[in-house]
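To start, the structure itself, in structure tokens.
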Amino acid sequence: MSPGATCPGPDLRPPMVRPPGRPIAVLALLVIATGPGPARAEDAVTLPPVLVTAPVPLSEGLPRDWVPSAVDSLGRSEVQAGRPAGLPEALERHPGVTLQNEQGNPFQPDLVLRGFTASSVTGLPQGISVFLDGVRLNEPTVEEVNFDLIPLDDAASVEVIRGTSVLFGRNTLGGAINIVTRRGEPTREIVPELEGGSFGRQRHRLRVSGQARPLDYYLSLTHLQEDGYRDFTPSRLSSGFLKLGGHVRDLDAAISYQYSNNRIEQAGSLPQAELGRDRRANFTAGDFYAPRLHLAIANVRYAVADHLAVDGNAFVRDLSVEQFNVNAAAENSRLLNHTRSVGGRIQASYDRPLLGLDHVLIVGLEYTRHDVTSRTFQEDVAGSSLEADLADREDAAGAYVQSSLAVARGFAGPRSSLVLTVAGRWDLLRHDIDDRLGGPSSGTHIFQRINPRAGLNVNLSERVGLFASYGAGFRAPAFLELTCAGPGAACPGLQVGAAPDPPLQPVKARTYEVGLYSRPVEWLDLTATAYRSDVEDDIFAVAPTGTTGLFFQNIGRTRRQGVEAGGRARAGRILEAYVNYTYTEATFENRIVDLATPLSPGTETVRAGGSFALVPRHRVNAGATYRPRPWIGLSLDARYVSDQFLRGDEANRQRPLPAFWVLDAGVTVRHRGFEGFLKVNNVLDNRYETFGTFAPNTREAGAPVERFLTPAPPIHVLAGLRYAF
């Protein structure tokens, strides 16, 4: 097995605004962006405010100075800047977002934010929620996120809301990522696109959109294939996305359907010695991941009265996954998972003065039912055998309320304000696990918790604001974690094992945050945030030496803390630049923690203050776009990531993964309906690795445990052309 409403400062107007004909919204937040957008001649001289939405994506909202959180937002053009391979790459230029690549392909990276992870890889300490048009995309198997199934090309906006959240709920420990898809606009468009580049990459896409009032429509078809930068790693991603909407008086509705059918070959990491000989090698060729997805979402908003709106969504999601892992030390494994999810959310937003003070109240309910089946086969030359056959009926429910009140105005000037936010949320998760082979995994597990949140915005003027907040969050153990939860229930490959007694405890987090947002001059935005997240009962996956499996365990108290700072500037229509710096500490806080490790003797003692693996302490990224003429834009982006300890070395005794820096460059040309681009990634052809662990090298006598590293791609080129009819 391969190891809308905009407000740059305080606003004296009523906070809720309802522009007609916009997409559905439950809550919107305004934030000063810290990342650059693409070069466009029509951009205004001043920096534009941007919209941040909450779980059900719509246009109503609170101004930025009513939001006690750090938020990054990307508009449609910013999402596509740099032609990212997926959502993680689109977010990489924002503060603190770091990517690792365990799988050796561009479509399944691990995204780390504030020391928490969103990843498609089983076994990582997941703590970031991802939403698409109000639907949670974290899989019920182990809260993983399949980034290759997210229709990023069809995104109208992407927002990163950092820290725990009442509105986004469970699993939101480090933050939430909210994606809102596009709808048809007044101008009809037919846009074919062609793209090609290194490693045999080909991409074909067609987009058709427009309006026939009161209806709007949006359709896209996309097919991508490439050979991969490693040996024997071809990938194919095929998808279709359709969205139909309508707006009649006070009712706005949209329904979408997504189909995806992918197959991704996974190279994984390499022994360090072999990496030195051939960085393109594939240690266990044959690993692949093949998902097929159907997803239908309906969003509705109805303005009941001038100050009351009700929003809701409902969805059906059907996902089938085949995962095959080649294992040089034992039998190969084949996992067949099927998940069918049905659910919805309803939320009311009320904005009437309370005791003569501006006030916004949000109340919501949600429920989702997941039906999961998981079968694991062990295979060799003699045939295959069914090793596990389990089902999980999972019910997830939540209820929340949030109240924001402008308790003071004009105390430091005509545009100053003091806004208090208090909120609370109840979440419940129930697993009903059935072991169809009559094994010990059957059982019912119920987890529930009430989490509070409070925050204060101190807005000194329309250009300077500060905030402070406290919030609690939790993540319940997932299906796979509950059935692989001890040395006697280790899971070979991706097989589910035996239910533990006592069961795993849920993860609890308490986050404290203070921040500043400022626009000292019209062309400059500055942000800074300091935070600390104290976590209890973090769930880690560990792999003891001498086995081919893993199991999950609670590890007591941990902490994530750090600083995020950023600036964004624009000089007229000619030059645009950004710079971000992040310092992150992710540490163990128990006096002593014993963890299993692939390293001899099979256990490691981690002491208080020890750093998490694969969480760099320092990260810097910067970039600029220069437009010498309105029709051409030249861009340069650089990023630096400090060294990181390898997975399996939580005791911090081994040599870390070296620091690295990367430079990318690009050019975009526009003329009438034509747009062409050329992007060169890793311009200086730096050799570096983004992931490291320890595993037995089965090609050596005695299969010694060695460092396994995943090489980053060498210099590579991407070019494309599109025309809008």
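Given the conditions (1) buried (at least 18 other Cβ atoms within 10 Å of the Cβ); (2) more than 25 Å from the chain's Cα centre (by Cα); (3) of a type outside the set (Ser, Thr, Tyr); (4) on the phi > 0 side of the Ramachandran plot, which single one is not true for residue 228?
(2)
In the range 200-207, is there at least one residue being of a type outside the set (S, T, N, Q) and under 29 Å from residue 71 (Cβ atoms)?
yes
Condition test on residue 321, is it over 30 Å from residue 378 (Cβ atoms) and part of a strand (DSSP E or B)?
When the stated conditions are applied, residue 321 does not pass them.
Which numbered condition in (1) buried (at least 16 other Cβ atoms within 10 Å of the Cβ); (2) of a type in the set (Gly, Ala, Ser); (3) touching a Leu at 6+ places or on another chain (Cβ under 6 Å) is the only one that residue 408 fails?
(1)
Can you tell me which residues in the range 158-205 are under 30 Å from residue 677 (Cβ atoms) and basic (Lys, Arg)?
182, 183, 188, 201, 203, 205
Going through the range 122-141 one residue at a time, which ones are more than 13 Å from residue 176 (Cβ to Cβ) and more than 13 Å from the chain's Cα centre (by Cα)?
Of everything in the range 122-141, those that are more than 13 Å from residue 176 (Cβ to Cβ) and more than 13 Å from the chain's Cα centre (by Cα) turn out to be 122, 123, 124, 125, 133, 140, 141.
Is it the case that some residue within the range 540-555 is in a strand (DSSP E or B), of a type outside the set (A, V, I, L, M) and modelled with pLDDT of 90 or more?
Scanning the range 540-555 turns up no residue that is in a strand (DSSP E or B), of a type outside the set (A, V, I, L, M) and modelled with pLDDT of 90 or more.
Suppose the filter is among the hydrophobic types (A, V, I, L, M, F, W, C) and closer than 25 Å to residue 201 by Cβ; does residue 135 pass it?
No: the conditions fail for residue 135.
Can you name the condition, by its number, that residue 684 falls short on among (1) within 22 Å of residue 95 (Cα to Cα); (2) modelled with pLDDT of 95 or more; (3) hydrophobic (A, V, I, L, M, F, W, C); (4) not in a strand (DSSP E or B)?
(1)
Looking at the range 86-138, what strands (runs of 3 or more DSSP E) fall wholly within it and have at least 2 residues that are closer than 26 Å to residue 367 by Cα?
Filter on the range 86-138 gives 116-118, 128-132.
Does the range 272-280 contain at least one residue that is within 29 Å of residue 688 (Cβ to Cβ), in contact with a helix residue (DSSP H, G or I) (Cβ under 7 Å, 6 or more places away or on another chain) and surrounded by fewer than 20 Cβ atoms within 10 Å (Cβ to Cβ)?
Within the range 272-280 (the criterion being within 29 Å of residue 688 (Cβ to Cβ), in contact with a helix residue (DSSP H, G or I) (Cβ under 7 Å, 6 or more places away or on another chain) and surrounded by fewer than 20 Cβ atoms within 10 Å (Cβ to Cβ)), the answer is no, since none of the residues qualifies.
Please state which one of 577, 528, 569 is modelled with pLDDT of 95 or more and buried (at least 18 other Cβ atoms within 10 Å of the Cβ).
528
Determine which member of the set 54, 81 is closer than 30 Å to residue 234 by Cα, crowded, with 23+ Cβ neighbours inside 10 Å and modelled with pLDDT under 90.
None of the other options fit; the residue is 81.
Quick one: in the range 471-523, which of the residues that are part of a strand (DSSP E or B) and more than 23 Å from the chain's Cα centre (by Cα) is modelled with the lowest pLDDT?
Among those that are part of a strand (DSSP E or B) and more than 23 Å from the chain's Cα centre (by Cα), it is 492.
Test residue 283 against the criterion of being among the aromatic types (Phe, Trp, Tyr), crowded, with 18+ Cβ neighbours inside 10 Å and touching a Pro at 6+ places or on another chain (Cβ under 9 Å), and give yes or no.
yes
Kindly provide the set of residues from the range 228-251 that are touching an Asp or Glu at 6+ places or on another chain (Cβ under 9 Å), farther than 24 Å from residue 292 by Cβ and in a strand (DSSP E or B), ordered by number.
Answer for the range 228-251, where residues must be touching an Asp or Glu at 6+ places or on another chain (Cβ under 9 Å), farther than 24 Å from residue 292 by Cβ and in a strand (DSSP E or B): 245, 246, 247.
Just to be sure, is residue 132 of a type in the set (A, V, I, L, M) and at pLDDT 95 or above?
yes
Condition first: closer than 14 Å to residue 182 by Cβ and over 25 Å from the mean Cα position of the chain (by Cα). Now tell me which residues in the range 208-224 satisfy that.
Selection gives 208, 209, 210, 211, 216, 217.
Could you say which residue among 388, 423, 396 is crowded, with 18+ Cβ neighbours inside 10 Å, at pLDDT below 90 and assigned to a strand (DSSP E or B)?
Within the list 388, 423, 396, the selection yields 388.
Of everything in the range 580-591 that's under 19 Å from residue 94 (Cβ atoms) and of a type in the set (Phe, Trp, Tyr), which residue is surrounded by the fewest Cβ atoms within 10 Å (Cβ to Cβ)?
It comes out as 583.
Assuming residue 678 fulfils every condition listed in (1) closer than 25 Å to residue 621 by Cβ; (2) buried (at least 17 other Cβ atoms within 10 Å of the Cβ); (3) out of contact with any helix residue (DSSP H, G or I) (no Cβ under 6 Å at 6 or more places or on another chain) apart from one, which condition is it?
Only one criterion is unmet by residue 678, namely (2).
Are any of the residues in the range 696-704 hydroxyl-bearing (Ser, Thr, Tyr), part of a strand (DSSP E or B) and more than 22 Å from residue 204 (Cβ to Cβ)?
Checking the range 696-704: not a single residue is hydroxyl-bearing (Ser, Thr, Tyr), part of a strand (DSSP E or B) and more than 22 Å from residue 204 (Cβ to Cβ).
Of these, 378, 347, which one is within 30 Å of residue 249 (Cα to Cα) and not aliphatic (A, V, I, L, M)?
After applying the criteria, what remains is 347.
Quick check on the range 185-206: of everything there that is among the charged types (D, E, K, R) and under 17 Å from residue 84 (Cβ atoms), which residue is surrounded by the most Cβ atoms within 10 Å (Cβ to Cβ)?
201
To keep it simple, each residue is scored yes or no on (1) more than 24 Å from the chain's Cα centre (by Cα); (2) within 20 Å of residue 118 (Cβ to Cβ).
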{"residue": "598", "(1), (2)": "yes, no"}
{"residue": "623", "(1), (2)": "no, no"}
{"residue": "632", "(1), (2)": "yes, no"}
{"residue": "639", "(1), (2)": "no, yes"}
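Output the residues belonging to the range 515-531 that are among the β-branched types (Val, Ile, Thr) and in contact with a strand residue (DSSP E or B) (Cβ under 7 Å, 6 or more places away or on another chain).
527, 529
Of 597, 603, which residue is surrounded by fewer than 20 Cβ atoms within 10 Å (Cβ to Cβ), more than 30 Å from residue 190 (Cα to Cα) and polar (S, T, N, Q)?
After ruling out the rest, the residue left standing is 603.
Condition check ((1) under 27 Å from the mean Cα position of the chain (by Cα); (2) under 25 Å from residue 271 (Cβ atoms); (3) among the hydroxyl-bearing types (Ser, Thr, Tyr)) across all residues:
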| position | (1), (2), (3) |
| --- | --- |
| 664 | yes, no, no |
| 671 | no, no, no |
| 674 | no, no, no |
| 683 | yes, no, no |
| 687 | yes, yes, no |
| 707 | no, yes, no |
| 712 | yes, yes, no |
| 721 | no, no, no |
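Quick one: residue 274 ticks every box in (1) farther than 17 Å from residue 132 by Cβ; (2) of a type in the set (Asp, Glu); (3) outside any helix (DSSP H, G or I) bar one, so which box is it?
(3)
Need pairs with beta-carbon distance below 8 Å; first residue aromatic (Phe, Trp, Tyr) and within the range 165-185, second surrounded by 24 or more Cβ atoms within 10 Å (Cβ to Cβ) and part of a loop (DSSP other than H, G, I, E, B); sequence gap 6+ or separate chains.
Pairs that qualify, where the first residue is aromatic (Phe, Trp, Tyr) and the partner is surrounded by 24 or more Cβ atoms within 10 Å (Cβ to Cβ) and part of a loop (DSSP other than H, G, I, E, B), are 168/54; 168/55.
The values are calculated or read from the model by the stated rules, or taken from the named source; none is laboratory data. Everything numeric here is computed off the predicted structure, so don't read it as measured data. Quick reminder, even Gly has a Cβ in these numbers, built from the backbone with ideal geometry, and neighbours come from all protein chains shown.
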